[in-house]
């Protein structure tokens with residue numbers, strides 16, 4: 001099965017609930033019961049524990065996750081953190097993991113790649129997706145942030161609608177960026193294991209870059225992956241981003257149906 005078919009098997013025609021990691025997820029925490037009986041394709045990225053904690057409350061699980069990041073402390077992070085994370089997720093079955101070729105390289109270097117072979121039918125790479133013949137060379141440009149790559153995969157998989165929760169953005173001092181995350185305690189722990197520190201110097205610049213570039217990237221993705229009618233909304237009323245229409249939780253019912 002090729003990469004696009006794998007994506008479509010999980011995503012095509014569905015409404016995707018993308019759980020990012022901004023502090024506004026506290027609002028989703030209070031509303032999560034609403035989604036118990038809804039057919040939602042749940043997605044998240046990188047540190048997925050906060051999303052899993054929320055979904056466990058309604059007996060749901062993540063259907064699609066993305067992790068294309070690389071850890072500074074690779075030799076300990078891959079075997080002690082990322083491998084168990086991937087294995088716990090993939091062992092649940094009926095789900096899909098997207099990584100990058102650089103993550104595969106890190107798994108090979110740290111001798112963890114047997115896991116990737118074991119679950120190869122449930123794994124795709126962003127490199128495969130961007131190698132589709134319909135993709136222009138600009139699709140390979142460095143993305144503004146990690147959610148950009150996840151959105152690319154959802155669009156390629158023919159998502160009908162995408163609701164983003166916790167996409168807040170940040171303009172403040174980098175010293176306090178970590179506190180803008182939902183479950184900052186888990187975020188701090190993960191950052192220390194991956195890179196030895198909790199300071200996030202890139203959140204502000206990445207947010208500005210995403211705001212500036214997303215409209216052009218979105219048009220490119222829709223054309224490249226033949227999904228011109230996909231709708232994306234941001235369910236974070238205080239988000240700094242203006243590139244997505246915003247709705248509140250009271251408006252969700254109309255968007256989901």
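The values are calculated or read from the model by the stated rules, or taken from the named source; none is laboratory data. No experiment lies behind these values; they were computed from the predicted model shown. Positions of Cβ are backbone-derived with ideal geometry, glycine not excepted, and every protein chain shown enters the neighbour counts.
In the stretch 168-190, what residues are assigned to a helix (DSSP H, G or I), farther than 17 Å from residue 25 by Cβ and in contact with a helix residue (DSSP H, G or I) (Cβ under 7 Å, 6 or more places away or on another chain)?
174
How many of the residues making up the stretch 191-201 are surrounded by 14 or more Cβ atoms within 10 Å (Cβ to Cβ) and in contact (Cβ under 8 Å) with a residue 40 or more places away in the chain?
Within the stretch 191-201, residues that are surrounded by 14 or more Cβ atoms within 10 Å (Cβ to Cβ) and in contact (Cβ under 8 Å) with a residue 40 or more places away in the chain number 3.
Tell me, which residue of the stretch 33-69 that is within 15 Å of the chain's Cα centre (by Cα) and farther than 14 Å from residue 19 by Cα is surrounded by the fewest Cβ atoms within 10 Å (Cβ to Cβ)?
69
For the stretch 157-167, how many residues meet the condition of being surrounded by fewer than 22 Cβ atoms within 10 Å (Cβ to Cβ), touching a helix residue (DSSP H, G or I) at 6+ places or on another chain (Cβ under 8 Å) and in a loop (DSSP other than H, G, I, E, B)?
Residues meeting the conditions: 1.
Can you pull out every residue in the stretch 126-157 that is under 20 Å from residue 168 (Cα atoms) and in contact with a strand residue (DSSP E or B) (Cβ under 8 Å, 6 or more places away or on another chain)?
Scanning the stretch 126-157 gives 146, 147, 149, 150, 151, 154.
For the stretch 1-23, what are the residues that are assigned to a loop (DSSP other than H, G, I, E, B) and either under 12 Å from residue 54 (Cβ atoms) or within 14 Å of the chain's Cα centre (by Cα) (or both)?
Scanning the stretch 1-23 gives 20, 21.
Does the stretch 205-223 include one or more residues that are surrounded by 16 or more Cβ atoms within 10 Å (Cβ to Cβ) and under 30 Å from residue 75 (Cα atoms)?
yes
Within the stretch 120-146, which residues are surrounded by fewer than 22 Cβ atoms within 10 Å (Cβ to Cβ) and assigned to a helix (DSSP H, G or I)?
If the condition is that a residue be surrounded by fewer than 22 Cβ atoms within 10 Å (Cβ to Cβ) and assigned to a helix (DSSP H, G or I), then 120, 121, 122, 127, 128, 130, 137, 138, 139, 140, 146 are the ones that fit.
All but one of (1) surrounded by 15 or more Cβ atoms within 10 Å (Cβ to Cβ); (2) in contact with a helix residue (DSSP H, G or I) (Cβ under 6 Å, 6 or more places away or on another chain) hold for residue 228; state the number of the condition that does not hold.
So the condition that residue 228 fails would be (1).
Sort through 78, 26 and tell me the only one that's surrounded by fewer than 21 Cβ atoms within 10 Å (Cβ to Cβ), over 17 Å from the mean Cα position of the chain (by Cα) and either touching a residue at least 60 places away in the same chain (Cβ under 8 Å) or part of a helix (DSSP H, G or I) (or both).
Only one candidate passes the filter, namely 26.
Can you tell me which residues in the stretch 237-257 are over 22 Å from residue 37 (Cα atoms) and assigned to a loop (DSSP other than H, G, I, E, B)?
Narrowing the stretch 237-257 to residues over 22 Å from residue 37 (Cα atoms): 237-246.
Once the filter is applied, which keeps residues that are over 22 Å from residue 37 (Cα atoms) and assigned to a loop (DSSP other than H, G, I, E, B), the stretch 237-257 yields 237, 238, 239, 240, 241, 242, 243, 244, 245.
Would you call residue 150 buried (at least 17 other Cβ atoms within 10 Å of the Cβ) and either outside any loop (DSSP other than H, G, I, E, B) or modelled with pLDDT of 95 or more (or both)? Before you say what the answer is, go through the steps one by one.
Details: buried (at least 17 other Cβ atoms within 10 Å of the Cβ): yes; either outside any loop (DSSP other than H, G, I, E, B) or modelled with pLDDT of 95 or more (or both): yes.
Yes; evaluated as a whole, the condition is true for this residue.
Can you name every residue in the stretch 100-115 that is assigned to a helix (DSSP H, G or I) and over 16 Å from residue 69 (Cα atoms)?
114, 115
Looking at the stretch 49-70 only, could you name the residues that are assigned to a loop (DSSP other than H, G, I, E, B), under 25 Å from residue 124 (Cβ atoms) and at pLDDT 95 or above?
Residues satisfying the conditions are 60, 61, 62, 63, 67, 68.
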